[in-house]
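Notes to accompany the following structure.
The values are calculated or read from the model by the stated rules, or taken from the named source; none is laboratory data. This one's a predicted model, so the numbers in the text were calculated from it and none came from an experiment. As a convention, Cβ positions derive from the backbone with ideal geometry for all residues, glycine included, and neighbour counts pool all protein chains shown. For accessibility, only protein heavy atoms count, side chains too; no ligands or nucleic acids. Shrake-Rupley method; radii C 1.70, N 1.55, O 1.52, S 1.80 Å.
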Amino acid sequence: VYCGGIEISGGGDGRFQPGIYVIKGGKFLISSSAASGTNVAFYFVNAGAELNISGGSPVSFTAPTTGPLQGFIFYEGPGMVFKQRARMSGGSEAYYEGSIYFPTQKLELSGGSVATSPSPLTIYVAYAFLVSGGGTVYLQAQEGATNVPIPNGLRGRRFNLVM
């Protein structure tokens with residue numbers, strides 16, 4: 001449990017060991033740095049928790065294949081502020097194999113960022129998905145090409161993408 005958030009900046013290299021990282025207040029901030037992890041989930045709880053990836057940060061995360069957050073990379077828990085922003089900006093490139101779940105948040109992709117270099121499974125759930133300033137989004141769901149499961153609550157559901 002990280003009560004003040006997690007910050008990786010200034011050219012650092014964050015390598016996350018398998019597990020669930022609870023962000024309880026503070027930002028999960030990656031700025032001008034690299035970050036990666038396999039079988040990792042980031043669980044955001046309470047009003048102060050926030051996602052912010054910026055400044056040309058290359059990230060690569062693969063969701064857990066078992067456990068309570070199987071299939072999820074980022075998961076919004078209770079107590080989040082309605083319509084708060086989760087940001088990916090400033091030329092950041094990302095490989096996400098799994099689900100990004102922010103049902104009450106605005107997921108913002110801007111400034112030339114690429115949300116997901118093509119992976120076999122990338123699912124976004126957000127209150128709003130804002131793409132601006134040259135941002136690019138790739139979405140795929142090829143179940144047979146990955147070991148990461150589609151979470152039960154998302155399997156078989158249809159979502160609308162409005163752009």
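Data overview
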quantity: Residue list for the stretch 55-74, restricted to those being at pLDDT 85 or above, more than 15 Å from residue 150 (Cβ to Cβ) and open to solvent by less than 20 Å² (accessible area, probe 1.4 Å); calculated: 59, 61, 74
quantity: The stretch 32-49, residues that are open to solvent by less than 30 Å² (accessible area, probe 1.4 Å), part of a strand (DSSP E or B) and either on the phi > 0 side of the Ramachandran plot or not aliphatic (A, V, I, L, M) (or both); calculated: 37, 42, 44
quantity: Single residue of the stretch 143-163 satisfying the filter (open to solvent by 80 Å² or more (accessible area, probe 1.4 Å) and at pLDDT 70 or above) that is nearest to residue 124 (Cα to Cα); calculated: 152
quantity: Filter result for residue 52 (at pLDDT below 85 and not in a loop (DSSP other than H, G, I, E, B)); calculated: no
